[in-house]
Amino acid sequence: MASDPPFEQSYNHLFEALSEDQKAKQVHPETNSFANNEIYELPLIDLNRLSLTKSDQDECKREIADAAKQLGFFQVVNHGVSREIITRLQSEQAKLFKHPFREKASERLLDSSMGSYHWGTPSATFLMQFSWSEAFHIPLRGISGLNGFDNVRSPIEEFAEVVGKLAQRIAKILAENIGCESNFFAENCLPSSCYLRLNRYPPCPKSSKLFGLVPHTDSDFLTILHQDLVGGLQLVRDGVWISVKPNPDALIINIGDLFQAWSNGVYKSIEHRVVTNPRVERFSAAYFLCPSNDTIIHSCNQPSVYRSFSFEEYRKQVQEDVKSTGTKIGLPRFIIK
């Protein structure tokens, strides 16, 4: 039976043109030297303490900053996104992805001026650069582009509004912790420059050979993620890939490349990936706190590890590297030598 999206049919050259030499060079996502079976629970931070005593507030802020410095990932509860909003978003997101591939790949579901549909990895030259997943990228300015899909637009708008405020709150706490300008994010990361990505990871009959999402770091300031209970998210900790234990009540927050550069390397943008599941589909929704393209990113403390660059320059460099090498290089391109 043909898959939806048609991964094997469209990327047949990747599946069939593997020589023994190529296979030897590829890293198995479940048996490589970075993989292990450890299920790790991210630091869990109760944001309700930010409304309690000064001592509670300070302790909560310290925990947020420590997690951002040491692991680059943490999870929060009492984050303000109601269970009702999340349940509605999950339900409507699943319905959206159930539309036939031809409709998803055309502009019948999402006007290209308002967002885009992605699947697979066009730049992949071998299987370990390939992602067995599909996604809708929706700029917040383009939510109205979900024409005829009021049921999914409403929970997206509600989710985006709450997590947008949460992202600003976390970013301000992190800025204040290192003595930097705390209003930078409110001034430069407006809703019009941020976006959502709705992800689906279909069951993969070749799960022992493929990633759902290849190892990468995020290119934004902060990512706020809600995932279902299927699991599959992994991140690097002390040189080892660990699996993140899903928590239905929590949102996952991770540091992006821009925050690592802006904090002069204090906060860590950590490599992460998604592994596939042979039987069960997985869904997640991610909010990305991004500045406008012309925003200049420079280290807020000196001496600076990274040279100054615009967000547009950074994105173009990432795209060029992916196109020419098949992989993202990211911040090492911008280190001052």
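The values are calculated or read from the model by the stated rules, or taken from the named source; none is laboratory data. Keep in mind it's a predicted model, so treat the numbers as computed, not measured. All Cβ positions, glycine included, derive from the backbone under ideal geometry; neighbour counts span all protein chains shown.
Residues Arg102, Arg108: which one is assigned to a loop (DSSP other than H, G, I, E, B), at pLDDT below 95 and charged (D, E, K, R)? Quick ask: steps written out before the conclusion?
Values: Arg102 fails: assigned to a loop (DSSP other than H, G, I, E, B).
Arg108 is the lone residue from the list that is assigned to a loop (DSSP other than H, G, I, E, B), at pLDDT below 95 and charged (D, E, K, R).
Residues Ile329, Ile270, Ile335, Ile224: which one is more than 18 Å from Gln75 (Cβ to Cβ), in contact with a Phe, Trp or Tyr (Cβ under 9 Å, 6 or more places away or on another chain), among the hydrophobic types (A, V, I, L, M, F, W, C) and at pLDDT 95 or above? Show your work before the answer.
On the way: Ile329 fails: in contact with a Phe, Trp or Tyr (Cβ under 9 Å, 6 or more places away or on another chain); Ile270 fails: more than 18 Å from Gln75 (Cβ to Cβ); Ile224 fails: more than 18 Å from Gln75 (Cβ to Cβ).
Just a single option satisfies the conditions, and that option is Ile335.
Of everything in the range 243-262, what is surrounded by fewer than 21 Cβ atoms within 10 Å (Cβ to Cβ) and over 23 Å from Leu47 (Cβ atoms)? Give them in sequence order.
Residue satisfying the conditions is Ser243 alone.
Among the listed residues Ala135, Ala167, identify the single one that is modelled with pLDDT of 95 or more, within 21 Å of Asn264 (Cβ to Cβ) and either touching a Phe, Trp or Tyr at 6+ places or on another chain (Cβ under 9 Å) or hydrophobic (A, V, I, L, M, F, W, C) (or both).
Values: Ala135 fails: within 21 Å of Asn264 (Cβ to Cβ).
Just a single option satisfies the conditions, and that option is Ala167.
Take the range 175-224 and flag every residue that is farther than 26 Å from Ala250 by Cα, in a helix (DSSP H, G or I) and either touching a helix residue (DSSP H, G or I) at 6+ places or on another chain (Cβ under 9 Å) or touching a residue at least 12 places away in the same chain (Cβ under 8 Å) (or both).
Correct list: Phe184, Asn188.
Given (1) under 18 Å from Glu134 (Cβ atoms); (2) among the acidic types (Asp, Glu); (3) crowded, with 24+ Cβ neighbours inside 10 Å, where does Asp228 come up short, assuming only one miss?
Of everything listed in (1) under 18 Å from Glu134 (Cβ atoms); (2) among the acidic types (Asp, Glu); (3) crowded, with 24+ Cβ neighbours inside 10 Å, Asp228 misses just condition (3).
Just give me the residues in the range 296-331 being within 15 Å of Gly256 (Cβ to Cβ), of a type in the set (A, V, I, L, M) and in contact with a strand residue (DSSP E or B) (Cβ under 7 Å, 6 or more places away or on another chain), in sequence order.
Ile297, Leu331
Name every residue in the range 204-248 that is of a type in the set (S, T, N, Q), touching a His at 6+ places or on another chain (Cβ under 9 Å) and within 30 Å of Asn293 (Cα to Cα), in order of residue number. Outline the logic, then answer.
The first filter runs over the range 204-248 and keeps only residues of a type in the set (S, T, N, Q), leaving 207-208, 217, 219, 223, 227, 234, 243, 247.
Now narrow it down to the ones that are touching a His at 6+ places or on another chain (Cβ under 9 Å): 208, 217, 234.
Selection gives Thr217, Gln234.
Conditions tested, residue by residue: (1) free of Cβ contacts under 8 Å to residues at least 60 places away in the same chain; (2) of a type in the set (Val, Ile, Thr).
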position	(1), (2)
Ala250	no, no
Ile255	no, yes
Phe259	no, no
Thr276	no, yes
Ile297	yes, yes
Arg307	yes, no
Lys316	yes, no
Pro332	yes, no
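With respect to Ile297, is the statement that it is at pLDDT 95 or above, more than 17 Å from Ile255 (Cα to Cα) and aliphatic (A, V, I, L, M) true?
On the way: at pLDDT 95 or above: yes; more than 17 Å from Ile255 (Cα to Cα): no; aliphatic (A, V, I, L, M): yes.
Against the criterion (at pLDDT 95 or above, more than 17 Å from Ile255 (Cα to Cα) and aliphatic (A, V, I, L, M)), Ile297 does not qualify.
So how many residues does the range 277-304 have that are assigned to a strand (DSSP E or B) and farther than 24 Å from Arg88 by Cβ?
So the first thing to find is which residues in the range 277-304 are assigned to a strand (DSSP E or B), and the list is 282-289, 296-297.
From what is left, the residues that are farther than 24 Å from Arg88 by Cβ are 296-297.
Residues in the range 277-304 being assigned to a strand (DSSP E or B) and farther than 24 Å from Arg88 by Cβ: 2 in total.
Report, by residue number, each residue of the range 53-77 that is in a strand (DSSP E or B) and either hydrophobic (A, V, I, L, M, F, W, C) or surrounded by fewer than 17 Cβ atoms within 10 Å (Cβ to Cβ) (or both). Show your work before the answer.
If we filter the range 53-77 for residues that are in a strand (DSSP E or B), which is where we start, we get 73-77.
Within the range 53-77, Phe73, Phe74, Val76, Val77 qualify.
Going by the conditions given, is Asn48 at pLDDT 95 or above and at positive phi?
So Asn48 fails the test.
Which one of these does Cys194 not meet: (1) closer than 17 Å to Pro291 by Cβ; (2) touching a Pro at 6+ places or on another chain (Cβ under 7 Å)?
Here Cys194 meets the rest and fails (2).
How about the range 242-283: which of its residues are over 15 Å from Ile224 (Cα atoms), touching a strand residue (DSSP E or B) at 6+ places or on another chain (Cβ under 8 Å) and hydrophobic (A, V, I, L, M, F, W, C)?
Ile242, Ala261, Trp262, Val274, Val275
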